[in-house]
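Step one of this worksheet: look at the structure below.
The values are calculated or read from the model by the stated rules, or taken from the named source; none is laboratory data. Everything numeric in this text was worked out from a predicted model, so none of it was measured. Please note: Cβ atoms are built from the backbone with ideal geometry, for glycine as well, and neighbour counts cover all protein chains shown. Surface areas here come from the heavy atoms of the whole protein model, side chains and all, with no ligands, DNA or RNA. Shrake-Rupley method; radii C 1.70, N 1.55, O 1.52, S 1.80 Å.
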Amino acid sequence: MSIILETPRLLLKEFCEEDAKYLFELNSDPDVTRYTGDVSYNSIDEVYQFIRNYDQYEKYKQGRLNMFDKQTGEYIGWCGLKYTQDNDYSDLGYRLLKKHWGKGYATEAAIACIDYGFKVINLNKILGTAMKENKASIRVFEKLGLKYSHDNDCGNQPCVVYMITKEEWK
């Protein structure tokens with residue numbers, strides 16, 4: 001089963017090798033990766049390897065999804081849920097090309113992903129983690145109805161964890 005989600009403006013679909021160039025571009029912008037702890041890919045081959053090894057869809061029926069404008073086909077970024085086995089929770093994440101910031105795409109895509117998590121794969125809770133300095137991501141969490149849960153450590157950066165339960169979701 002392939003995961004494909006639609007919103008009024010967006011089409012979200014699983015990572016595939018044809019889309020490697022988009023992930024490479026996305027992670028090459030230091031402003032985009034500033035609050036992620038990720039580093040840029042050194043080559044497009046690293047992206048292909050990442051996509052080939054990405055097992056979230058098969059193992060957990062969830063994962064990050066590439067986001068495209070439904071009308072133009074333009075790449076926007078990615079959004080989706082990622083199961084974290086060590087802590088037994090699903091994490092909501094999103095990353096957009098800078099030219100698409102501030103247009104509501106993260107919120108729109110995240111609504112579809114949260115709906116999928118609660119209504120299709122029957123999750124009980126979804127968490128979102130952001131570095132404390134990342135006010136834009138925290139604002140998206142709050143717009144979605146996620147509530148502050150606790151402080152945490154993201155590698156060597158302080159971060160906050162937000163959460164929403166199935167009962168709290170509209």
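For this structure, a couple of remarks:
- Accessible-area ranking of Val120, Val47, largest first, probe 1.4 Å: Val120, Val47
- Kirkwood hydrodynamic radius of the chain, Cα pairs, Å: 16.2
- Nearby aspartates and glutamates by direct alpha-carbon distance to Lys132 (threshold 13 angstrom, same-chain neighbours under 8 apart not counted): Asp151, Asp153
- For segment 68-170: accessible area per residue (Å², 1.4 Å): 52
- Of all stretches in the chain that contain no GluC sites (Glu not before Pro) in a DSSP loop with at most 15 other Cβ atoms within 10 Å, the longest one is 1-73.
- With the alpha-carbon atoms of segment 1-94 aligned to their principal axes, the span from lowest to highest coordinate is 32, 31, 24 Å, starting with the largest.
- Sorting Lys143, Lys166, Lys103 by accessible area puts them as Lys143, Lys103, Lys166; the probe is 1.4 Å, largest comes first, and only protein heavy atoms count.
- Nearest-20 debye value, the chain charge dipole, Cβ charges on Lys, Arg, Asp, Glu: 620
- The chain, accessible surface, carbon-and-sulfur percent (1.4 angstrom probe): 48
- Using heavy atoms of the protein chains and a probe of 1.4 Å, the accessible area assigned to Phe118 is about 10 Å².
- Local electrostatic count at Glu168 - Lys and Arg +1, Asp and Glu -1, tallied over other residues with Cβ under 15 Å: +3
- Accessible-area value, Tyr94, 1.4 Å probe, nucleic acids and ligands omitted, Å²: 40
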